[in-house]
């Protein structure tokens with residue numbers, strides 16, 4: 001269709017998708033116990049495959065609500081390590097979807113607005129370092145969807161983005177799944193249990209300290225590296 005070839009229209013469509021995903025996620029509700037029971041009714045390999053498909057489909061459409069529900073259900077049903085693997089697989093698939101959605105609908109618009117010539121575009125692509133992608137992705141304060149969509153608007157090649165992004169996603173997924181597997185529904189029914197859990201779990205404290213210290217160090221190194229390239 002001719003209208004889809006218009007870069008302004010495609011960019012507006014991308015923005016509409018983002019707001020729609022946010023709105024639908026805010027309206028989404030689901031019974032965690034019911035979801036857990038449904039998954040438990042199948043053999044583990046089958047329930048794992050169903051979980052991955054549900055995670056990809058639901059979190060591609062609803063960007064906030066279902067992710068929390070699925071993560072809790074996965075932690076309760078599969079445990080911290082296995083649920084982390086399933087979520088990691090799903091997030092890799094989601095990265096492919098979101099990156100290419102952003103690339104298809106928004107890249108030409110950004111390029112035209114920045115008025116970048118091909119030579120400068122190549123320079124921008126070279127500046128998208130492995131360490132830079134890793135730093136953004138490992139930071140738990142930066143939404144995974146944000147990095148997928150934002151890097152889709154740049155000229156970076158997808159494999160160059162996906163490899164460091166996928167590696168950096170592992171510790172941030174496991175960090176949360178470890179908590180959810182131990183706390184489970186108490187996280188919702190008794191929020192004060194989180195503080196008690198943190199104070200009593202020495203491994204979690206050490207793991208969290210190492211994780212967050214690593215995030216800070218990686219960001220500092222990435223910043224210095226970017227400054228030196230300039």
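Out of curiosity, is residue 142 at pLDDT 85 or above and closer than 25 Å to residue 221 by Cβ?
Yes; evaluated as a whole, the condition is true for this residue.
Each row is one residue, and each column tells you yes or no for (1) within 25 Å of residue 36 (Cβ to Cβ); (2) outside any helix (DSSP H, G or I); (3) modelled with pLDDT of 85 or more.
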| site | (1), (2), (3) |
| --- | --- |
| 126 | no, no, no |
| 133 | no, no, yes |
| 193 | yes, no, no |
| 199 | no, no, no |
| 215 | no, no, yes |
| 220 | no, no, yes |
| 225 | no, no, no |
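Could you check residue 78 against (1) modelled with pLDDT of 80 or more; (2) surrounded by 21 or more Cβ atoms within 10 Å (Cβ to Cβ); (3) touching a helix residue (DSSP H, G or I) at 6+ places or on another chain (Cβ under 6 Å); (4) more than 22 Å from residue 161 (Cα to Cα) and say which number it fails?
(3)
Could you list, in sequence order, the residues of region 43-68 that are at pLDDT below 85, surrounded by fewer than 20 Cβ atoms within 10 Å (Cβ to Cβ), in contact with a helix residue (DSSP H, G or I) (Cβ under 8 Å, 6 or more places away or on another chain) and within 24 Å of residue 183 (Cα to Cα)?
44, 64, 65
The values are calculated or read from the model by the stated rules, or taken from the named source; none is laboratory data. Predicted model only: the values in this text are computed from it and were never measured. When we count neighbours, we look across all protein chains shown, and the Cβ atoms used for this are built from the backbone with ideal geometry, even at glycine.
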